[in-house]
1. Over the chain, consider all pairs of different Cα atoms and compute the Kirkwood hydrodynamic radius from their mean reciprocal separation; express it in Å, one decimal.
2. Measure up 176/220; 124/248; 236/325; 289/325 against 29 Å on the Cα-Cα distance and list the ones that go over.
3. Kindly provide the helix-only [θ] at 222 nm of the chain, computed as the sum of -39,500 (n - 2.57) over DSSP H runs of four or more divided by all residues, to the nearest 500 deg cm²/dmol?
4. Any aspartates and glutamates with Cα under 17 Å of the residue 140 Cα? List them, leaving off those in the same chain fewer than 8 positions away.
5. As a test of reading the structure, rank 288, 97 by solvent-accessible area (1.4 Å probe, protein chains only), most first.
6. About the Cα centre, and with charges only on the beta carbon of Lys, Arg (+1) and Asp, Glu (-1), how big is the dipole of segment 318-362? Nearest 20 debye, please.
7. With Cβ to Cβ distances under 12 Å as the rule, what net charge do the other residues near residue 292 carry (K, R +1; D, E -1)?
8. Highest first, please rank the peptides 4-10, 208-214, 110-116 by the mean number of other Cβ atoms sitting within 10 Å of their residues.
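The values are calculated or read from the model by the stated rules, or taken from the named source; none is laboratory data. Not measured: the values here are computed from a predicted model. FYI the Cβ positions are ideal-geometry reconstructions off the backbone, even for glycines, and counts take in every protein chain you see. The area values use the complete protein model at the heavy-atom level, side chains included, leaving out ligands, DNA and RNA. Shrake-Rupley method; radii C 1.70, N 1.55, O 1.52, S 1.80 Å.
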Amino acid sequence: MTDNPILDPVKASHVTGDFSPSELQLANRNSGTLLETLRHDITPVGAHYLLNHFDIPFVEQAKDWTLTIDGEFETQGELTLDELMSFPETSTVVTLECAGNGRGLLSPRWPSQPWTHEAVGTAKWTGTALSNLLDHAVPKQSCDTLVFLGADEGVAGGDRHHYGRSLSLQQAIDSKALIVWSMNDMPLTPQHGFPLRLIVPGWYGMASVKWLTRIIAQSKPFDGHQQVKTYWIKDKHGEKVEPITTIKVRSLLIPPGIPDWATRRRLVDAGKITLHGRAWSGAGIPVEKVEVAIDGDWQLAQLETASSTYAWSSWHHEWTATSGKHRLSCRATDADGQVQPVEAQWEYSGFCNNACQHVDVWVV
Ligand SMILES: Nc1nc2c(c(=O)[nH]1)N[C@H]1C(S)=C(S)[C@@H](COP(=O)(O)O)O[C@H]1N2
Ligand SMILES: [Mo]
């Protein structure tokens, strides 16, 4: 115990009703993807959602950045960005989603970033396969865990730490993880991890450590805050049940028509319209079908093939809008037979809420 109010946190508890100023502050820092930009196969950099736990590190020049490789590697040391860029280059289009997406729709909710639907985006990430780095550094026989540390530092739940996550060697290989320096053919922007980050395709976003400074190989599990205190599915008492890993199947509908400025309620003109949306799942599992419901009547939507194993698919559905109020919903099913629940399944910290999205429209 200290007498410091930050290092001695008041235990958070669930909240209901209005959003607090601290949730609003988080929401303003961590912008979501504007749903209308889901029409783009690749989300423009400035429209891609953001989740930064602490402050964005100030990095003036990429050439001064080094990645430290240590722990149980045969070859330890520091690599400059130039040295990393001499490794074989590769690009992958990856849909990232925050594990907290949908948290703000649960009640009671955990007081944290209050996402509704918009913590998802798709980018073309360019760098080198993590496996190339492993071929260079060679983890020792004893090593089974890789720890990835970011340059950003802060306090969470009283623990002061640099943002860090780990993967088992097997997870790092199976996920085809990348170390990247470019997003959508441009250098990473400060908020997305300039100059270097990890991308773990098919996993929820927390695994893709930004501002990557250090990779440690070790023979014991990583006990960092972001690995052991959070990013777990917990039971109703807050006891850990299972760690959060790959993305659950989900779809989104671009709200049709035009919005009311203040409420964002939708006004749609009567007649034929095309509804558009996206669908994705994790671990490289393709989406098999998307259904759309108009006032609860489910119909099959037209699904396009994804541009890459780890990218979302686009879908559309023709609808003849008749006057009155209607509720539009969508749900996806993946090739593993996983389907989105119509009603949200409550989770202690608001993680992995992949319930169907419902959009109310007024047709005139
Ligand atoms: N160093 C660092 N890496 C991080 C985070 C962070 O706060 N610090 N947030 C993680 C989380 S929770 C998500 S969802 C993704 C978001 O990536 P983006 O902001 O580029 O969309 O970054 C992950 N990597
Ligand atoms: Mo996240």
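1. One over the average 1/r among Cα pairs gives 21.6 Å for the chain.
2. With Cα atoms farther than 29 Å apart: 236/325.
3. After summing the helix terms and dividing by residue count, I get -2000 deg cm²/dmol.
4. 70, 72, 74
5. The most accessible residue leads, giving 288, 97.
6. It works out to roughly 220 debye.
7. With Lys, Arg at +1 and Asp, Glu at -1, the neighbours total -1.
8. Ranking, from highest mean packing down: 208-214, 110-116, 4-10.
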